[in-house]
Amino acid sequence: MSRIQTVSRYIALSEEGLVPRLECPMDQGLLMPNTTMDDKDYLYCLSCAYQNFIGIKFYEDLSKKIKGAENG
Ligand SMILES: [Zn+2]
């Protein structure tokens, strides 16, 4: 899976209640993934201006949670 696919898969699982939702720390809005023109991935909040650039550690963490949810 590509990095953005990993995030999308995680969000799909969270909508089924299998993993915790990705929530905005400011207003608990839903976070969505996007990529900048120079290929940096970030999460942004649907309801406020919050943005957070994400790194490899974040993907590893999501991948583990996805595997846990799919095997459990
Ligand atoms: Zn927000």
Check your understanding: DSSP loop trypsin sites (Lys or Arg not before Pro) in the stretch 20-71 with at most 15 other Cβ atoms within 10 Å of their Cβ, which ones?
Key -> ARG21, LYS40
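To one decimal place, what Kirkwood hydrodynamic radius in Å is obtained for the stretch 1-61 from all pairs of distinct Cα atoms?
Working: mean 1/r = 0.0836 Å⁻¹.
With all distinct Cα pairs of the stretch 1-61 included, I get 12.0 Å.
Every read-out reported here was derived from the displayed coordinates using simple, explicitly stated rules and does not represent laboratory data. What you are looking at is a predicted structure, and each value in this text was computed from that prediction instead of being measured. In this analysis, Cβ positions are derived from the backbone assuming ideal geometry, glycine residues included, and neighbour counts consider all displayed protein chains.
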